[in-house]
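One structure below.
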Amino acid sequence: SSHIQVQTGAAEEAAQATAQLDNAREAHAAIERRAKAVRYLHELLLKHRDAARERYAQPFTQQLSEFARTVFGKGVSFELNEELQIQARTRENQTVPVESLSGGAREQLAILTRFAIAKLVDADGVPVIVDDALGSTDVHRLQLMSTLFSSVGQYAQVLVLTCVPERYSRVPGRKEYRFSDLRG
């Protein structure tokens with residue numbers, strides 16, 4: 001009798017173990033299906049992100065390079081990172097990471113970036129606001145930037161807020177307003 005009870009207990013344990021194994025296999029299969037779905041979704045999102053980036057990156061770098069020729073000369077190009085931020089500037093076959101550029105060059109690139117984005121948003125131009133920039137820019141580049149401001153100002157409104165209006169004195173056709181005059 002005890003021998004039969006031991007066998008019955010072992011059979012029940014075996015049946016329970018088999019049921020647990022079946023449940024674990026079903027759970028594993030469900031997790032595997034979800035993992036495959038997530039993997040597929042991830043790959044699909046990356047594919048579409050990369051395609052969208054390519055659609056934006058090429059026109060952006062082209063417009064940026066067009067504006068940059070005025071300031072940095074012909075043959076200037078840019079490398080962008082995944083977020084479409086300028087990573088490096090190449091000029092005269094020398095590539096320099098943005099963080100290694102002078103403060104003035106980085107200021108100029110920031111303005112060029114705004115102008116390029118504004119031009120891509122609307123070819124007729126959207127307003128661009130520049131707040132007290134070009135403080136680290138040398139006299140020669142200030143003249144080149146003035147030419148660029150004038151060029152962009154032909155089709156878009158460029159608002160410059162500054163405590164040093166002399167930096168922009170070479171921009172032809174500019175209109176200056178003092179804040180005190182605008183208030184009252």
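Relative to the present Cα-Cα distance, how much length would full extension add between VAL121 and SER100 at 0.36 nm per residue of separation?
The VAL121-SER100 span can extend by a further 4.6 nm.
State in Å² the accessible area per residue of the range 1-138; use a 1.4 Å probe, count heavy atoms of protein chains only, and round to the nearest integer. Display every interim value, and only then the final one.
Working: 9400 Å² over 138 residues.
Result: 68 Å² of accessible area for each residue.
Taking amide H positions as placed 1.01 Å from N in the peptide plane, with prolines and chain starts having none, which residues 5 or more places from THR162, or on another chain, fall under 5 Å of its amide H?
Long-range HN contacts for THR162: ASP132.
Using a Förster distance of 45 Å, how high is the FRET efficiency between VAL164 and VAL38, based on the Cβ-Cβ distance and rounded to 0.05? The partial results should precede the final answer.
On the way: r = 54 Å, r/R0 = 1.21.
Working from the Cβ atoms, E equals 0.25.
Sort 9-20, 120-131 for me by packing, meaning the mean count of neighbouring Cβ atoms within 10 Å per residue, highest on top.
Values: 9-20: 10.0, 120-131: 12.5.
Final packing ranking: 120-131, 9-20.
With θ set to phi - 60°, apply the Karplus curve 6.51 cos²θ - 1.76 cosθ + 1.60 along the range 68-82 and write out the HN-Hα couplings as whole Hz, x wherever there is a Gly or Pro.
5, 4, 4, 9, 9, x, 5, x, 8, 9, 9, 10, 10, 8, 4
Sum up the charges of everything whose Cβ sits under 14 Å from the Cβ of ALA156, counting Lys and Arg as +1 and Asp and Glu as -1, but leave ALA156 out.
Every neighbour counted, the sum reads +1.
If the cut-off is a Cα-Cα distance under 22 Å, which lysines reach LYS74, setting aside same-chain residues fewer than 8 apart in sequence?
Straight-line reach from LYS74, under 22 Å: LYS119.
Any number yet on Rg/Rh for the chain, C-alpha, Kirkwood? Kindly include the intermediate steps, with their values, before the conclusion.
Details: Rg = 31.5 Å, Rh = 21.4 Å.
With Rg and the Kirkwood Rh in hand, the quotient comes to 1.48.
Roughly speaking, what is the stretch gain from ALA10 to ILE129, that is 0.36 nm per residue apart minus the C-alpha to C-alpha distance, in nm to one decimal? Intermediate values should be presented prior to the final figure.
On the way: separation 119, 0.36 × 119 = 42.84 nm, distance 8.11 nm.
Full-extension gain reported as 34.7 nm.
Under the rule of -39500 (n - 2.57) per DSSP H run of 4 or more residues, summed and divided by the residues of the chain, what mean residue ellipticity at 222 nm is obtained, to the nearest 500 deg cm²/dmol?
Numbers: 4 runs with 110 residues, N = 184.
About -21500 deg cm²/dmol.
The values are calculated or read from the model by the stated rules, or taken from the named source; none is laboratory data. From a predicted model like this one, the values you see are computed outputs, not experimental measurements. All Cβ positions, even for glycine, are placed from backbone atoms using ideal geometry, and neighbour counts span all protein chains on display. Each accessible area value is taken on the protein alone, full model and side chains, heavy atoms only, with ligands, DNA and RNA left out. Shrake-Rupley method; radii C 1.70, N 1.55, O 1.52, S 1.80 Å.
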